[in-house]
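The structure appears below as structure tokens.
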Amino acid sequence: MSKQQTIRINLIRHGPTTAPQHTFVGSTDVPLSGKGLGGLQGLANKLHGIEQWYASPMLRTRQTLEQLQQHGCPIKSICYDKCLREVDFGRWELQTFAQISKTDPAAIESWNNYQDFSFPEGESVAHFTQRAEEMLNLFKNATHSNIGVVTHGGIIRTMICLALD
């Protein structure tokens, strides 16, 4: 009987961005803010021993990786994968929940049926969840035992939910 390898997956969310506060930011390629760039030194000190890095190709995640490297985090190889992108909020991009509630109350109501929901002119939750599951399966079957993943809050939450079943 073979012993299954334990895999450590370090899920790292990019830092704060320049997008207006409390807005939905998915497919909009916004940079990190000064605060987002400045808060990574302490994290970099905790990320030694990672054998393989994966990241969303979005600017905010690339900047996070660059800052981690500048603060001494050894990052040798990065696999950028579009499956690690945040959900595409469609016409809700860069709007607050309050704004959306006023302009799109019917869609907000249908969001309660989460798994069957599609963001207006954006991505379906089912497709987003499938992307997250594909990546999680890739990590679970990796040959590396310590993986770093720099991505977005929605992907991280979804992967955690999937991992916990």
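The values are calculated or read from the model by the stated rules, or taken from the named source; none is laboratory data. Computed from a predicted model, the values in this text were never measured in an experiment. Here the Cβ is made from the backbone with ideal geometry for all residues, glycine too, and neighbour counts use every protein chain on show. When the accessible area is computed, the model is the full protein with side chains, heavy atoms only, and any ligands, DNA or RNA have been set aside. Shrake-Rupley method; radii C 1.70, N 1.55, O 1.52, S 1.80 Å.
Residues checked against (1) modelled with pLDDT under 95; (2) over 18 Å from the mean Cα position of the chain (by Cα):
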site: A55; (1), (2): no, no
site: E93; (1), (2): no, no
site: P120; (1), (2): no, yes
site: V125; (1), (2): no, no
site: G148; (1), (2): no, no
site: T151; (1), (2): no, no
site: D165; (1), (2): yes, yes
Across region 56-84, what is the total count of residues that are more than 14 Å from N10 (Cβ to Cβ) and crowded, with 22+ Cβ neighbours inside 10 Å?
3
On the basis of being open to solvent by 40 Å² or more (accessible area, probe 1.4 Å) and either farther than 28 Å from Q21 by Cβ or touching a strand residue (DSSP E or B) at 6+ places or on another chain (Cβ under 8 Å) (or both), does L94 make the cut?
yes
Given the criteria among the aliphatic types (A, V, I, L, M), closer than 25 Å to R131 by Cβ, touching a helix residue (DSSP H, G or I) at 6+ places or on another chain (Cβ under 9 Å) and part of a helix (DSSP H, G or I), does L47 qualify?
no
Positions within region 57-72 being in a helix (DSSP H, G or I), modelled with pLDDT under 95 and out of contact with any strand residue (DSSP E or B) (no Cβ under 6 Å at 6 or more places or on another chain), in sequence order
E66, Q67, L68, Q69, Q70
Options L43, L11, L47: the member that is aliphatic (A, V, I, L, M), open to solvent by 40 Å² or more (accessible area, probe 1.4 Å) and more than 12 Å from the chain's Cα centre (by Cα)
L43
Taking region 98-143, which residues are assigned to a helix (DSSP H, G or I) and more than 30 Å from Y80 (Cα to Cα)?
A98, Q99, I100, S101, K102, T103, P105, A106, A107, I108, E109, S110
What tally of residues in region 105-143 results from selecting those that are in contact with a Leu (Cβ under 7 Å, 6 or more places away or on another chain) and buried (at least 17 other Cβ atoms within 10 Å of the Cβ)?
3
Determine whether F89 is aromatic (F, W, Y), open to solvent by 30 Å² or more (accessible area, probe 1.4 Å) and either within 19 Å of I155 (Cα to Cα) or in contact with a strand residue (DSSP E or B) (Cβ under 6 Å, 6 or more places away or on another chain) (or both).
no
Of (1) under 29 Å from N141 (Cβ atoms); (2) touching a residue at least 40 places away in the same chain (Cβ under 8 Å), K76 satisfies all except one. Which?
(2)
